[in-house]
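Notes for the one structure printed next.
The values are calculated or read from the model by the stated rules, or taken from the named source; none is laboratory data. Just so it is clear, the model here is predicted, and its values are computed rather than measured. All Cβ positions, glycine included, derive from the backbone under ideal geometry; neighbour counts span all protein chains shown. Just the protein is used for accessible areas: all its heavy atoms, side chains included, with ligands, DNA and RNA removed. Shrake-Rupley method; radii C 1.70, N 1.55, O 1.52, S 1.80 Å.
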Amino acid sequence: MKKMIVLLLVITIFTSCVRSLYPITEDEKEMIFKKELLGRWKDNEGVQYFIDTLNPGSKVYTIEIIESNDIPQSPDKHFWDTSYFLGVLVNIKGKFFLDCTADLEQPAVKLAVKKMGESTANSLLPTHSIIRIFSIEQNSIECSSIDKDNFLVLLKQKRINIRYESINKDDILLTEKSKMLQQKLIELEKFPSIYKEKNHLTRIR
């Protein structure tokens, strides 16, 4: 049961308010591997990303994200917030998407789950954060998550048609299954505003 838990982590491009109930794909043949993603990266806000492979020869990436946060009422003090994800890169008609889920096998995550109690942990909904990868170069990555506000505008204007649920006032959960989800992601490519905020990662040497 604990493998069905997802910790809703708050991290830069992974904070998208638009997530998916289903993965982009469960077919390993549709997954691709790009070694250029591997390494240490830093984004516009100074958040660090450490990307590796889950196992030698695996197409699954491990993503460790480290963010510095100020301690309330103590502006001169900081703490480091570390989160862990597993990522799968998918090429849909020449467009790259990274499908990310919480890495539940990390000791720190297991400890957090244990502390919150099994009943509480089992009530959390597993979701997938979808990151659009615009470019992958040797020393830079350009990416973005779906912008919720522009997504809702397009829905209201009936310019897009996609199954979803509002799971609270701030979050949208896409409910299309994998094959249809792929089709809908390609349809969204017609609307550049859907990826309003692009994030630029640079390699840490």
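Pairs linking a residue in the range 77-92 that is within 23 Å of E26 (Cβ to Cβ) and among the β-branched types (V, I, T) to a residue that is open to solvent by 50 Å² or more (accessible area, probe 1.4 Å) and modelled with pLDDT of 85 or more, with Cβ atoms under 7 Å and 6 or more positions apart or on different chains, are V88/K59. The residue that is most open to solvent (accessible area, probe 1.4 Å), among those in the range 150-191 that are under 16 Å from I24 (Cβ atoms) and part of a loop (DSSP other than H, G, I, E, B), is R163.
Only one of T120, T175, T127 is farther than 17 Å from Y49 by Cα, of a type in the set (V, I, T) and modelled with pLDDT of 95 or more. Can you tell me which?
Values: T120 fails: modelled with pLDDT of 95 or more; T127 fails: modelled with pLDDT of 95 or more.
Result: T175 is the single residue among T120, T175, T127 that is farther than 17 Å from Y49 by Cα, of a type in the set (V, I, T) and modelled with pLDDT of 95 or more.
Scanning the range 35-68 for residues that are in contact (Cβ under 8 Å) with a residue 24 or more places away in the chain and over 17 Å from F85 (Cα atoms) gives E36, N44, E45.
Could you list all residues from the range 181-198 that are without any contact (Cβ under 8 Å) to a residue 12 or more places away in the chain and either under 15 Å from Y164 (Cα atoms) or touching a Phe, Trp or Tyr at 6+ places or on another chain (Cβ under 8 Å) (or both)? Within the range 181-198, just Q183 meets the criteria.
Within the range 85-103, work out how many residues are open to solvent by less than 30 Å² (accessible area, probe 1.4 Å) and either in a loop (DSSP other than H, G, I, E, B) or among the acidic types (D, E) (or both). The total comes to 2.
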